[in-house]
1. Any idea which of ASN159, ASN173, ASN211 is surrounded by fewer than 17 Cβ atoms within 10 Å (Cβ to Cβ) and either of a type in the set (Phe, Trp, Tyr) or modelled with pLDDT of 95 or more (or both)?
2. Being under 19 Å from GLY176 (Cα atoms), in contact with a Gly (Cβ under 9 Å, 6 or more places away or on another chain) and assigned to a loop (DSSP other than H, G, I, E, B) is the filter here, so list the residues in region 200-233 that pass it.
3. Would you mind telling me which numbered condition in (1) in contact (Cβ under 8 Å) with a residue 40 or more places away in the chain; (2) more than 25 Å from PRO91 (Cβ to Cβ); (3) out of contact with any Asp or Glu (no Cβ under 9 Å at 6 or more places or on another chain) LEU185 fails?
4. Looking at this structure, is VAL133 at pLDDT below 95 and under 21 Å from ALA86 (Cβ atoms)?
5. Which one of these does LEU192 not meet: (1) over 24 Å from LYS67 (Cα atoms); (2) buried (at least 23 other Cβ atoms within 10 Å of the Cβ)?
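The values are calculated or read from the model by the stated rules, or taken from the named source; none is laboratory data. Bear in mind the structure is a predicted one, so any value in this text is a computation, not a measurement. Neighbour counts are summed over all protein chains in view; Cβ atoms, including those assigned to glycine, are modelled from backbone coordinates with ideal geometry.
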Amino acid sequence: MFRNAIEKYIRKVKKNDFMFDKDISLFLILEFSLKKFLSILRSYKIFTITKGSKKVFLGRNVEIFNKKNIVMGDNVNIGDFVKLYALGVKPLTIGSHVNIGSFTQVIISTTFGNLGQFITLGNHVAIGEFSYVGGAGGLEIGENTIIGQYFSSHPENHNFIDKSLLIRLQGVNRQGIKIGKNCWLGSKVTILDGVIIGDNCVVAAGSVVTNSVPDNMLVGGVPARIIRKIFDS
């Protein structure tokens, strides 16, 4: 009966037909439920950005900076030891039904001398563990995009043309990154500044994407190249 009640609650939250695998024991369901209950209690530390009416599941030791610049949707899952740094010109926006894996850093910028732009995560975005989600030049990830572990995005480049100056003293340039809707980015994918990835794209694990990608493409490699089209327009 307890199992059915938890399944019903999850289906209501996720708005799907979720059911536990038949091999999941009642003990594991109880352990899972306790963990989720504790994560809801921890979410009160960000009460001001959830308006008190949205479900947020907050992992252990989550670090939040400039929470007034964070906009958060409903049913957001944030893993253990995640960092949310909203030091930016525009907000760090996290849509509804978003999952951010443990040990991930979501950082608009860390410097007070040159503020970053923004980060926008659309509804139903999922980001794997140990990722670095940078937003210095602006980052947008479209709805229903799923991303594997160790992902990194870098919407900023260091200038290095002037031989008379150390590279670290030459400043940066920023174009921003945009990742479309309904994409799948495999583990250890890196996206560099200025890249736009279209809708319905798949990026193979370990790829480094240096150039923009049109809709409906499978890409892979270092640097990433188009392998083939995967959907008809």
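1. Details: ASN159 fails: either of a type in the set (Phe, Trp, Tyr) or modelled with pLDDT of 95 or more (or both); ASN173 fails: either of a type in the set (Phe, Trp, Tyr) or modelled with pLDDT of 95 or more (or both).
None of the others qualify; the one that does is ASN211.
2. Once the filter is applied, which keeps residues that are under 19 Å from GLY176 (Cα atoms), in contact with a Gly (Cβ under 9 Å, 6 or more places away or on another chain) and assigned to a loop (DSSP other than H, G, I, E, B), region 200-233 yields CYS201, SER207, THR210, ASN211, SER212, PRO214, ASP215.
3. Evaluating LEU185 over (1) in contact (Cβ under 8 Å) with a residue 40 or more places away in the chain; (2) more than 25 Å from PRO91 (Cβ to Cβ); (3) out of contact with any Asp or Glu (no Cβ under 9 Å at 6 or more places or on another chain) leaves (2) as the failure.
4. Against the criterion (at pLDDT below 95 and under 21 Å from ALA86 (Cβ atoms)), VAL133 does not qualify.
5. (2)
Listed here are the residues, each with its yes/no results for (1) within 23 Å of LYS181 (Cβ to Cβ); (2) surrounded by 21 or more Cβ atoms within 10 Å (Cβ to Cβ); (3) small (Gly, Ala, Ser).
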position: VAL82; (1), (2), (3): no, yes, no
position: GLY101; (1), (2), (3): yes, yes, yes
position: ILE127; (1), (2), (3): yes, yes, no
position: GLN149; (1), (2), (3): yes, no, no
